[in-house]
Amino acid sequence: MTSPAAGSTRRTRIRIAVAALLALAVLAALVLITTLPPGDRPPGPASPEPSPPATTATAPAAGGPAVETSSFSGSGDVADDAAIWVDPANPANSVVIADNKADTDGGIAVFGIDGELIHFRPDGKIGNVDLRTGFPLSGETAVLVGGNNRTDDTLALWTLDTKTRELTPVAAGDIQTFAPNYGFCMYRSSASGKFYAFVTPNEEGPIQQFELADDGGGRVEAGLVRELPVSSITESCVADDELGHLYIAQEDVGVWKYSAEPDAGKERTAVDKTGAGRLVADVEGLGISYGPAGSGHLFVSSQGDSTIAIYERSGSNAFVRKFSVGGNGDIDGVSGTDGLDVTALDAGPQFEQGLLVVHDEENSGGTTSNLKYIPLDSVLR
């Protein structure tokens, strides 16, 4: 007769043996499943949704703004976009050309590298501005400046006199755009040498691409060559002349990259989106700093949290960092940033290593807006 203790020991040994056999069976099944082709594997539970990424740390720009422009009175986004022209022969002669999109008395302004107003034209409610050098006009080359006029939904075009630093209208008549238009940028193709303008919509509608050319009489004409559908408000855009990319900021969605060539179709890829930890709607200004051999950076204004995000210009536009612009002495910090522009060229005193220009929605906490000039090397350190 087996004792109670001996029986208990025997039952324990049996349970251990059964457990070991079951473990070996499960292990064998797992090995079999993982060696099967994906289509032959049994279905498993649905994968959980990935957790949203943590908010990216934001660092202040070292040193802050070195210069600020005069202010335009009105709502905080009256003066919200800029284009930098660098004088290669005399960088101190460089200028920042900026919009004034006031409903009345709107127009376009030229500021010196010291922030002082040089010239203003009351040409309507100008949305965004951009420029390209080397435009062939009347047998010479010109600095062509463009913008979208929200007053009458047209393209506005000027030439910049590099000596007086004043603007002269050169559009060949009224060049109608999609209505209502909202934003604007320019492109010079490295493949064909042709010049183009892009106009973005203030609602669902097409992004329009126009080819710009001398009309033979010293004026600039424009012909529509492509339309790109977009599902909601899109203001800022910027084109990479060397790499042939067009970047579009769809305000509540994120940043898209297209080919800038007119025959490239409608394909696009996402650079970044709102809610992914780097951009907070509205996504606004875009700018490109060019470096050698395709290097450089794409700058994106994240208006929702008053920061600027930096991405690599090359490849798939890898994220680099984001930063805010604090105050510097008597110059207040930047809030509600909308438009921006950037250059890596010597732009004059204090900006020998490049210049970043950003919009400040609440200048000194008041009801005026202006532009801040920041040494580029201070945000790329």
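The values are calculated or read from the model by the stated rules, or taken from the named source; none is laboratory data. Quick caveat, the model's predicted, so the values are computed rather than measured. When we count neighbours, we look across all protein chains shown, and the Cβ atoms used for this are built from the backbone with ideal geometry, even at glycine. For the accessible areas, the whole protein counts, side chains as well, though only heavy atoms, and no ligand, DNA or RNA atoms are used. Shrake-Rupley method; radii C 1.70, N 1.55, O 1.52, S 1.80 Å.
Ordering 247, 306, 237 by the projection of their Cα atoms onto the charge dipole of the range 196-322, which places +1 on the Cβ of Lys and Arg and -1 on the Cβ of Asp and Glu, puts 306 at the extreme positive end.
Once the chain from residue 377 to residue 204 is taken as fully extended at 0.36 nm per residue, the excess over their C-alpha distance is 58.5 nm. Spacing of the modelled spin labels on residue 194 and residue 252, each 7 Å from Cα toward Cβ, amounts to 3.5 nm.
The range 274-306 and the range 168-189 have Cα centres lying 24 Å from one another. Please work out the Cα center distance from the range 328-350 to the range 75-106, rounded to the nearest Å. What the calculation gives is 12 Å, centre to centre. Between residue 59 and residue 330, the modelled labels are 3.0 nm apart [label points 7 Å from Cα along Cα→Cβ].
Rolling a 1.4 angstrom probe over the range 91-144 with all protein chains present gives an accessible area of which 46% lies on carbon and sulfur atoms.
Placing unit charges on the Cβ atoms only, positive for Lys and Arg and negative for Asp and Glu, gives the range 163-310 a dipole magnitude near 360 debye about its Cα centre. What is the Cα radius of gyration of the range 300-378 over 2.2 N^0.38 Å, N being its residue count? That works out to 1.13 for the range 300-378. Taken one residue at a time, the phi angles of the range 238-249 give Karplus couplings (6.51, -1.76, 1.60, θ = phi - 60°) of 8, 10, 8, 5, 7, 8, x, 9, 10, 10, 10, 9 Hz. Gly and Pro are set to x. Hydrodynamic estimate: the Kirkwood radius of the range 286-342 over Cα pairs, inserted into Stokes-Einstein at 25 °C and 0.890 mPa s, corresponds to D of 202 µm²/s.
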